[in-house]
Each structure stands twice: as C-alpha cells, then as structure tokens.
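Reading through the structure tokens given below for one structure.
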Amino acid sequence: MPAPRSKPLLSWEPLPYLVLLVLLVLTGVVRPDAPPVLFWGLIALIVAALAWLIAALVRSTRRENPDRWGDLSTLDGLDVVDAARRERDVRTVVPVDDAQRHQSAIELARLAGGAEQHAVLVPRASRWLSRRYRVGVQLVGGDRPRHAGFLGPASADRWTELLDDLREHGRYVRVPALVTGAARPFGVELDLSGLEGLADAGRDG
C-alpha cells in the first residue's frame, strides 16, 4: 500500500478550531427567535464541536515517540536501523530543507555531538497548519534528538516508501549527518547512500 502523502482531514489539527469558529459565526444568523429545530440544532453542533476540540487537546498532551509532528523525544525503545555510508568514488550528500527554521536546535546538536554525527529519518512528520506529510530529520549526536528540518522533495520522493514501510514495522533509519558552518546560519547534509543497501535487502527479502 503506498505511503500516504497527507494527513486525513479529520486528523488535521486546526480542523476542530475551524469548525467551531464557523458554528460560532452562524450564531449571528441563527438567533434564539429562529425556528427551534435550527436554533437548538446549532447549539447541539456547537456543543459537539467543543467536545471534539477538548478531545483533540487531550490527545495532544499524550506523550508519544515520535509525536504527532514527527519529533523524537528519545531513542530509547525505538528500533533504529543504521544505514551506514557506502564507499564510493564520489561522495554524494543531500541538504536538509527548512534548516533555517531550526537554527537553535541545530546549534545545540552541534555543541553536544559535534559537526559529524547521525540523524534519524522520521516519515509522516509535518508542520503546524500543513496536512502534507514530510520526512523529518532528527539530529541524534547529542544528549537527545533535535529537529533539524525535512528531506527535500527529490529525496523524499525516492525514499518515502521505504522509510514508511519500515515505520509500519516500528523501525526508523539512522544515517550519517554533517552540520555545516562554524556559526549561524548552519546547514545539515545527509549521506543517504546506505539507504540503497536497505532497499536492496528489502527486495531480496
């Protein structure tokens, strides 16, 4: 089954807020002197939307690893698969997208783990307000994982199916990473050559 490219609409975090907002706006149209079926029907919908929002807020407080955004709190308890660098004449690396948004986290990861470290790839990660699933990049060279950005579209298109299939079996891939730059703005480069070996093993299996 192909990996999903976006969250189901009912799982989209802003949806309960939007539904409740629309219903509250309708209270300016459906007044208490409106037909009872309309007025009390609207009240029932508002109560249901409010309960939905509260349930969503309660779910958001649950501790999951990775969480609903694809962020890791620890590697403990995770089945991590190492995709070691493949030796080749020309070393190929890919830059991490959105690294400019995560400079503080990258700087802390560099201070704790050095410029050369590892990153765990987390499929079905996302950003607030976006339904689109992406592959998150979590630097893990320090005392805890830190979000550095996402795989770029070209790399994600190539490797999402493999990474998502491993995720379905509770496994996450760790690849070599390099934090570039001696000061901000930092960049992050990943060596994904080891993913080819995992893909080959999957086909052979």
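Hey, rough spin-label estimate for Ala34 and Ile54, points 7 angstrom out along Cα→Cβ, what's it come to in nanometres?
2.3
Output the 0 to 90 degree angle, nearest 10, between the alpha-carbon long axis of helix 194-204 and the longest principal axis computed from the alpha carbons of the chain.
80
Using Cα centres only, tell me the gap between the range 115-165 and the range 55-111 in whole Å.
Going from one Cα centre to the other spans 5 Å.
When Rg/Rh (Cα atoms, Kirkwood Rh) is calculated directly from the model, which label among (1) 1.13; (2) 1.00; (3) 0.95 fits?
Computed from these coordinates, Rg/Rh (Cα atoms, Kirkwood Rh) corresponds to label (1).
Bear in mind these aren't lab numbers, they're just calculated from the coordinates by the rules spelled out. Every value quoted in this text rests on a predicted model; they were computed, and no experiment measured them. Cβ sites come from the backbone with ideal geometry, for glycine too, and all protein chains shown count toward neighbours.
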